[in-house]
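Enquirer: Let me begin by handing over the structure; questions about it come next.
Taken together, the values in this text are just the output of simple stated rules run on the coordinates, not laboratory data. Keep in mind the model is a prediction, meaning the values are calculated, not measured. In this analysis, Cβ positions are derived from the backbone assuming ideal geometry, glycine residues included, and neighbour counts consider all displayed protein chains.
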Amino acid sequence: YNALNDFEYLGLINDVPMTLLGRKTLAANTYPELLKWLQDNKGKINLANAGQGSASHLCGLMFQSSVQIDMTTVPYKGTAPAMTDLLGGQVDIMCDQTTNTTSQIAAGKVKAFAVTTSKRLTTPGLDKLPTLEESGLKGFNVTIWHGLYAPKGTPKAVVDTVNAALRNALKDPEFIKRQEALGAVVVTDARINPADHKKFVEAEIAKWGPAIKAAGQYAD
């Protein structure tokens, strides 16, 4: 299917930051220490991800490219098995979204080094983490987003009705509170509009396409 042309866009829901994590036994506690450890251990680093083509995989690809250090990528069938091996020390580092990592960070079961947003987060437990951009990786800004879609040809009246319901839901204090607890940020800008939602996705495809093609790795 064609992501841009085979669906009706209904509006974006949230942005979800990514976190850069390490196993608890890693000999680094801050991002600068992690970077030194990576440089000292070239050729011996295992970078886990949640599967080929996943957000975790793409974040890892961009991180490797930014620090210019090749790592052995270890793809898993989802975040759960990848996190299990990170907790067990079988892999060294991983990049994954806050909705999957916040509880492990809060419990002190992994080491968290940075977030991937352009600005620091306000979520308790994540608010003290630096951004990768401020840590020296200029322009590093990776967020995962979730939106609503409908089959191509859905009547405009239906699209408008669902979009109106989405707008109401995104103003619900309880929903906002639950999203913030996971490190997610509820969308409040123009991307709630169907047309702007589609423009945003088009820009994301343009952003990620070259990096994926350069890596030569695809979801299958």
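Enquirer: Give me the percent relative contact order of the stretch 61-168, please, defined on Cα pairs under 8 angstrom at least 6 residues apart.
Expert: Taking the mean separation of contacting Cα pairs over the length of the stretch 61-168, I get 15 percent.
Enquirer: Please count, across the stretch 1-153, the pairs of lysine residues with Cα atoms under 25 Å apart that sit 8 or more places apart or on different chains.
Expert: Step by step, the pairs that qualify in the stretch 1-153 add up to 29.
Enquirer: Now, a different point. With both partners inside the chain, how many of the DSSP beta bridges are antiparallel, as a percent to the nearest 5?
Expert: On the way: 21 of 28 bridges.
Counting only bridges with both partners in the chain, antiparallel ones make up about 75 percent.
Enquirer: Just subtract the alpha-carbon distance of Arg120 and Tyr1 from 0.36 nm times their residue separation and send over the number in nm, one decimal.
Expert: Values: separation 119, 0.36 × 119 = 42.84 nm, distance 3.60 nm.
Separation in residues times 0.36 nm, less the Cα-Cα distance, equals 39.2 nm.
Enquirer: Rounded to the nearest Å, what's the spacing between the alpha carbon centres of the stretch 46-87 and the stretch 104-130? Just the number, please.
Expert: 18 Å
Enquirer: I've got another one for you. Just name one of Leu170, Leu182, Asn193: the one whose Cα is farthest towards the positive end of the charge dipole of the stretch 150-209 (beta-carbon charges, Lys/Arg +1, Asp/Glu -1).
Expert: Farthest towards the positive end: Asn193.
Enquirer: Given points 7 Å out from each Cα along the Cα-Cβ axis, report the Asn29 to Ala150 separation in nanometres with one decimal.
Expert: Roughly 5.4 nm, to one decimal.
Enquirer: Using the beta-carbon distance between Asn168 and Glu204 and R0 = 25 Å, what value does 1/(1 + (r/R0)^6) give for FRET efficiency, to the nearest 0.05?
Expert: Calculated transfer efficiency: 0.45.
Enquirer: Under 5 Å between amide hydrogens, which residues at least 5 positions from Ile13 or on another chain qualify, with H placed 1.01 Å from N in the peptide plane?
Expert: The list, which skips near neighbours in sequence, is His146, Gly147, Leu148.
Enquirer: Which whole-Hz ³J(HN,Hα) couplings does the stretch 39-55 yield from phi under the Karplus relation 6.51 cos²θ - 1.76 cosθ + 1.60, θ = phi - 60°, glycine and proline marked x?
Expert: 3J(HN,Hα) across the stretch 39-55, in whole Hz: 5, 6, 10, 4, x, 10, 9, 9, 10, 7, 8, 7, x, 4, x, 6, 4.
Enquirer: Oh, and also: Let me spell out the model: positive unit charges on the Cβ of Lys and Arg, negative unit charges on the Cβ of Asp and Glu, origin at the Cα centre of the stretch 118-157. What dipole size does that give, in debye rounded to 20?
Expert: The dipole magnitude comes to about 220 debye.
Enquirer: Mind checking the dipole of the chain: about its Cα centre, +1 per Lys or Arg Cβ, -1 per Asp or Glu Cβ, Debye to the nearest 20?
Expert: Numbers: 23 positive and 21 negative charges, 49 e Å.
Around 240 debye, computed over the chain.
Enquirer: Can you give the relative contact order of the chain as a percent, counting alpha carbon pairs under 8 Å and 6+ residues apart?
Expert: Details: 379 pairs, mean separation 74.8, N = 220.
This gives 34 percent for the chain.
Enquirer: So, with +1 on the Cβ of K and R and -1 on the Cβ of D and E, and no other charges, what is the size of the charge dipole of the stretch 36-142 about its Cα centre, to the nearest 20 debye?
Expert: Charge dipole of the stretch 36-142: 120 debye, to the nearest 20.
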